[in-house]
Amino acid sequence: MSLAPHNFLRYNSHVLIPEISENGQEMIRKSRVLVIGLGGLGCPVSTYLAASGVGCLGLCDFDCVERSNIQRQLLFSERDIGIPKVQVAREKVMNLNPDVLVESYEIKFNELVDDLNYDIFIDCTDNMETKLLLNDYCYKSKKYFISAAASRLEGQLIGFDFKKHRKCCLRCIFDHDSSHQFNCADVGILIPVLGVMGCLQVTMAINMILDKFAKHAVLSRFDSIRNEWIELKGNTLNHCQVCGF
């Protein structure tokens, strides 16, 4: 199926890439992606997903915009203070690409219904409890799961293909230890690191949509001072309560 003329012009930079082409862009158009958390990661993630032409984009966040958010959450401005984040983000991504269907949820993820019709779940939260809840849901529902975090001068990127592989999950690597919390408001963050990690979450999502995510799991850390990536191997637990690994 060929792209409509206006879409061909909009997505020409993708179509010119042999690994994507018109067929790949059509796969992107048919995809459904849910973004959980509209903070420093969720803002670039939702923007680049919409610009890339994802057909249905879900946005989930229960917070309102605060002045302290504005420096690192670039979808928001002073005029948005006090307005729900999902409301502001929905309007701005729809203005960016009117062809994208945006579904917004002004609630916590654990308040959503059990059966969520999305292909990929992208965790942009700074709360380990929510990350593990998402991991459990995606594993049991056989979904793609992408999680990122950023703190001070470093970022972390994790991706799982739970559709094809049923061993090892986020709960095998992390637990509820508070040392694994990543809260920018408490420890600080170099703002560009958030942009780097958010864009890489979108890149991973597109690879999953195009069926080019070759691994079961990716776990890596970005050091902005040394400008280097470090591939990590998680210390898996024995007899994980979710995947049994």
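The values are calculated or read from the model by the stated rules, or taken from the named source; none is laboratory data. In this text, all values refer to a predicted model and were calculated from it rather than measured experimentally. Positions of Cβ are generated from backbone atoms using ideal geometry, with glycine treated the same way; all protein chains shown enter the neighbour counts.
Tell me whether the range 31-50 contains one or more residues that are within 18 Å of Leu96 (Cβ to Cβ) and over 15 Å from the mean Cα position of the chain (by Cα). Within the range 31-50 (the criterion being within 18 Å of Leu96 (Cβ to Cβ) and over 15 Å from the mean Cα position of the chain (by Cα)), the answer is no, since none of the residues qualifies. Among residues of the range 206-221 that are in contact (Cβ under 8 Å) with a residue 24 or more places away in the chain, those with a beta-carbon under 9 Å from a residue that is of a type in the set (Ser, Thr, Tyr) and assigned to a loop (DSSP other than H, G, I, E, B) at least six positions away or on a different chain give the pairs Ile206/Ser31; Met208/Ser31; Ile209/Ser31.
Pairing each residue of the range 1-25 that is closer than 16 Å to Leu210 by Cα with any residue that is hydroxyl-bearing (Ser, Thr, Tyr) and surrounded by fewer than 17 Cβ atoms within 10 Å (Cβ to Cβ), provided the two are 6+ apart or on different chains, yields C-beta distances under 9 Å for His14/Ser21; Val15/Ser21; Glu22/Ser2. Within the range 21-37, at least one residue is of a type in the set (S, T, N, Q) and either crowded, with 20+ Cβ neighbours inside 10 Å or outside any helix (DSSP H, G or I) (or both). Among the residues of the range 42-82, which ones are of a type in the set (Ser, Thr, Tyr) and within 12 Å of Val202 (Cα to Cα)? Residues satisfying the conditions are Ser46, Thr47, Tyr48, Ser52. Residues that are under 21 Å from Leu190 (Cα atoms), modelled with pLDDT of 95 or more and touching an Asp or Glu at 6+ places or on another chain (Cβ under 6 Å) occur at least once in the range 134-149. Note on the range 51-76: residues that are assigned to a helix (DSSP H, G or I) and either buried (at least 22 other Cβ atoms within 10 Å of the Cβ) or of a type in the set (Phe, Trp, Tyr) (or both) amount to 2.
So is Val15 β-branched (Val, Ile, Thr), buried (at least 22 other Cβ atoms within 10 Å of the Cβ) and at negative phi or not? Judged against the criteria, Val15 is not a match.
Tell me, please, whether a residue that is of a type in the set (Asp, Glu), at pLDDT 95 or above, under 15 Å from Glu106 (Cα atoms) and surrounded by fewer than 21 Cβ atoms within 10 Å (Cβ to Cβ) can be found in the range 77-87. Checked the range 77-87: no residue is of a type in the set (Asp, Glu), at pLDDT 95 or above, under 15 Å from Glu106 (Cα atoms) and surrounded by fewer than 21 Cβ atoms within 10 Å (Cβ to Cβ). Quick one: would you say Cys172 is at pLDDT below 95, on the phi > 0 side of the Ramachandran plot and crowded, with 16+ Cβ neighbours inside 10 Å? The answer is no for Cys172.
For the range 136-166, filtered to residues that are farther than 15 Å from Leu194 by Cα, surrounded by fewer than 18 Cβ atoms within 10 Å (Cβ to Cβ) and in contact (Cβ under 8 Å) with a residue 60 or more places away in the chain, the residue that is farthest from the chain's Cα centre (by Cα) is Arg166.
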